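The values are calculated or read from the model by the stated rules, or taken from the named source; none is laboratory data. Model, not experiment: these values are computed from the prediction. Glycine gets a Cβ as well: all are built from the backbone with ideal geometry, and neighbour counts include every protein chain shown. These accessible areas exclude ligands, DNA and RNA; they are computed on the full protein's heavy atoms, side chains included. Shrake-Rupley method; radii C 1.70, N 1.55, O 1.52, S 1.80 Å.
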Amino acid sequence: MPRRYDPDRRDRIVEAAVRVVGARGLGALSHRAVAAEADVPLGSTTYHFATLDDLLVEAVRRTAREWLDGLAAWERGLPAGAPLADAVVDLVAEALAGDRSRLELEYELYAAALRRPAVRPVAAACVEEMTAVLGRRTPDAAAARALCALLDGLLLQYLVSGRPFARAEVREAVARLVG
């Protein structure tokens, strides 16, 4: 039987991996689960991604790219001279508004780098690019790195604690870093 041409199959597999992790957590990620979610034969997942780490790396890369593209668009949309502390507070508020499942997914995939060495370069590159984007609005690279760490910490703490967003608290923390 001739092989069916399916140029989008690899992308569908990556998107299916993201959906599996989003719905059931990182522990549910398997070639079999992804194949079922993508509605492709099991052999297709292993053809495109020899190991589960290969698939996980692409899932992290995909979600990180979406976050970074959104962050870059946010930064480009800031008016010149806009108070950075206020803009960052709005960014955090928007990230936490409504359904937090996408943000939870992003942090679950990001945290996979703690135990999966193959994911570390992708996670590290994400931090570097996030720092570079923030660095276009901060006084120096050290402030950008600190702001990146603060954003990650704040978002993660809000996600795990379930606390309501405290605008004044976040503004004060950001203002201490960037004025």
Meets criteria (closer than 18 Å to Leu154 by Cα and free of Cβ contacts under 8 Å to residues at least 40 places away in the same chain) for Asp99: yes
Residue within region 70-84 that is surrounded by 18 or more Cβ atoms within 10 Å (Cβ to Cβ) and either assigned to a loop (DSSP other than H, G, I, E, B) or touching a Gly at 6+ places or on another chain (Cβ under 9 Å) (or both) present: yes
Number of the exception - Ala143 against (1) over 26 Å from Gly179 (Cβ atoms); (2) crowded, with 17+ Cβ neighbours inside 10 Å; (3) modelled with pLDDT of 95 or more: (1)
Hits in region 7-38 (condition: of a type in the set (D, E, K, R) and without any contact (Cβ under 8 Å) to a residue 24 or more places away in the chain): Asp8, Asp11, Arg19, Arg24, Arg32, Glu37
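Taking into account only those residues within region 47-69 that are part of a loop (DSSP other than H, G, I, E, B) and open to solvent by 50 Å² or more (accessible area, probe 1.4 Å), which is farthest from Leu29 (Cα to Cα)? Quick ask: steps written out before the conclusion?
Pass one, region 47-69, residues part of a loop (DSSP other than H, G, I, E, B): 49-51.
Adding the requirement that they be open to solvent by 50 Å² or more (accessible area, probe 1.4 Å) leaves 50-51.
Numbers: Ala50: 14, Thr51: 12 Å.
Ranking the candidates gives Ala50 first.
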Per-region count, region 146-159, residues touching a helix residue (DSSP H, G or I) at 6+ places or on another chain (Cβ under 9 Å) and either open to solvent by 60 Å² or more (accessible area, probe 1.4 Å) or polar (S, T, N, Q) (or both): 2
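Helices (runs of 4 or more DSSP H) wholly in region 97-165 with at least 1 residues that are more than 15 Å from the chain's Cα centre (by Cα) - which ones? Break it down stepwise before answering.
Working: elements: 101-111, 120-135, 141-161.
Fully inside region 97-165 and qualifying: 120-135, 141-161.
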Residue among Val89, Val119 that is surrounded by 12 or more Cβ atoms within 10 Å (Cβ to Cβ), of a type in the set (Val, Ile, Thr) and under 28 Å from Arg19 (Cβ atoms): Val119
